[in-house]
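Beneath this line is the structure, given in structure tokens, with notes to follow.
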Amino acid sequence: MSTAAVLQAVNGISLAALLFLLSSGFTLTFGLMRVVNMAYGAYYLLGGYVGYSVARATGSFELAVVAGGLAIVVLGYIIDRSHG
């Protein structure tokens, strides 16, 4: 088997694992709450955007991960307190 075929197989398995985790999380959320909740995806996307922006500005991946996570923690806290 060639190197390209092995690489494609590993990429396929990792994509399948990612899709499984995504679908099982969605199924668990829908099964317990009976509500389709897409807000978590929006938070995830916003955290990724903040992290990407910080990484481009500073060149530090570690700082980007911390900044993205911290930004979403702060936003989630503000939204939770303002709608409660």
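The values are calculated or read from the model by the stated rules, or taken from the named source; none is laboratory data. Being a predicted model, the structure only gives us computed values, none of them experimental. The accessibility values were calculated without ligands, DNA or RNA, using every heavy atom of the protein model including side chains. Shrake-Rupley method; radii C 1.70, N 1.55, O 1.52, S 1.80 Å.
In order along the range 62-67, the Karplus-derived 3J(HN,Hα) couplings, from 6.51 cos²θ - 1.76 cosθ + 1.60 at θ = phi - 60°, round to 4, 5, 5, 5, 5, 5 Hz, and Gly and Pro are given as x. Measuring with a 1.4 angstrom probe and ignoring ligands and nucleic acids, residue 33 comes out at about 100 Å² accessible. Rolling a 1.4 angstrom probe over the chain with all protein chains present gives an accessible area of which 74% lies on carbon and sulfur atoms.
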